[in-house]
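Participant: One structure follows; several queries about it will come next.
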Amino acid sequence: MRVGLYGGSFNPAHAGHLHVSQLALRRLALDRVWWLVSPGNPLKDRRELATSAARVAGARAIADDPRIAVTDFEARIGARYTRQTLAWLRRRRPDIRFVWIMGADSLASFHRWQGFRQIAAAMPIAVIDRPGFTLTATAARAAQALARYRIDEADAPELADLDPPAWVFLHGPRSDLSSTALRNRARAPLRGDSREST
């Protein structure tokens, strides 16, 4: 079994998350993708974070693909950092070939994640291109630190079978949707009357 792990706040989940997951399923030859709805990103402001139950429900409504499963088990096991989650999964499911999936925007700040080298050593990583990050992400500090472990994009279907560290940067159709933009749009006040003036 080859499973992609796609972690995040999903605050809210949107079609861009589904796009990334389906691209990963196809390009990495995965059997499943698990959406890991996190208790909260330590690097982000938690004041606007919806409840875990609301985020899971929203993610399940968007994840319209039988190969995608949504879970909030990180909260139940008390994992605060990605490295803890990956270590827990590797201990309990040694039969699964996991791949960590992240957007190029996350790679740009990956060096700020606690134990980013431990994460890279735990399992292969697939980075999915995002608008505005095509060049900056691969020039970022963590990408440079892990540069010698990057594989050619043509070899992406083999990623799950490689011993970590190993990572690939996947180009292709990109989604410009973001949870932050959706939250901002949802709280923007209505501007004027929608009717035409006479």
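The values are calculated or read from the model by the stated rules, or taken from the named source; none is laboratory data. None of the values given here were measured: they were computed from a predicted structure. Glycine gets a Cβ as well: all are built from the backbone with ideal geometry, and neighbour counts include every protein chain shown. Areas reflect the complete protein model, heavy atoms only, side chains present, ligands, DNA and RNA absent. Shrake-Rupley method; radii C 1.70, N 1.55, O 1.52, S 1.80 Å.
Participant: Per residue, how much accessible area does the range 48-141 have with a 1.4 Å probe, in Å²?
Facilitator: The answer is 50 Å² per residue.
Participant: With θ set to phi - 60°, apply the Karplus curve 6.51 cos²θ - 1.76 cosθ + 1.60 along the range 121-126 and write out the HN-Hα couplings as whole Hz, x wherever there is a Gly or Pro.
Facilitator: With the stated coefficients, the range 121-126 comes to 7, 7, 7, x, 10, 10 Hz.
Participant: I've got another one for you. Please give the net charge around residue 114, taking every other residue with its beta carbon less than 12 angstrom from that of residue 114, where Lys and Arg add +1 and Asp and Glu add -1.
Facilitator: Charge balance near residue 114 sits at +4.
Participant: Karplus couplings for the range 26-37 from phi (6.51 cos²θ - 1.76 cosθ + 1.60, θ = phi - 60°), rounded to Hz, Gly and Pro as x?
Facilitator: Rounded to whole hertz, the list is 6, 6, 9, 6, 8, 8, 8, 10, 9, 8, 9, 6.
Participant: Right, something else. Going highest first, how would you order 151-158, 53-60 by mean Cβ packing within 10 Å?
Facilitator: Going by the mean number of other Cβ atoms within 10 Å, highest first, we get 53-60, 151-158.
Participant: Under 5 Å between amide H atoms, partner at least 5 residues away or on a different chain: which partners does residue 103 have, H built in plane at 1.01 Å?
Facilitator: Under 5 Å from the amide H of residue 103 lie the amide H atoms of 128, each far enough along the sequence or on another chain.
Participant: At 0.36 nm per residue, minus the direct Cα-Cα distance, what do residue 1 and residue 84 gain on full extension? Give it in nm, one decimal, please.
Facilitator: 27.7 nm
Participant: Continuing with this model, one more query. Taking the Cα atoms of the range 50-175, report the difference between the largest and smallest coordinate on each principal axis, in whole Å and largest first.
Facilitator: 38, 33, 28
Participant: Right, something else. Normalised radius of gyration for the range 11-109, please: alpha carbon Rg relative to 2.2 N^0.38 Å, two decimal places.
Facilitator: After normalising by residue count via 2.2 N^0.38 Å, the value is 1.08.
Participant: Using the Karplus curve 6.51 cos²θ - 1.76 cosθ + 1.60 with θ = phi - 60°, what ³J(HN,Hα) values do you get for each residue of the range 67-83, in whole Hz, with x for Gly and Pro?
Facilitator: For the range 67-83, the Karplus-derived couplings read 8, 10, 10, 10, 9, 10, 4, 4, 5, 5, 8, x, 7, 9, 10, 4, 4 Hz, x marking Gly and Pro.
Participant: Report the residues of the range 95-111 in range of a label on residue 121: point 7 Å along Cα→C-beta, backbone N strictly under 20 Å from it.
Facilitator: 98-101, 110-111
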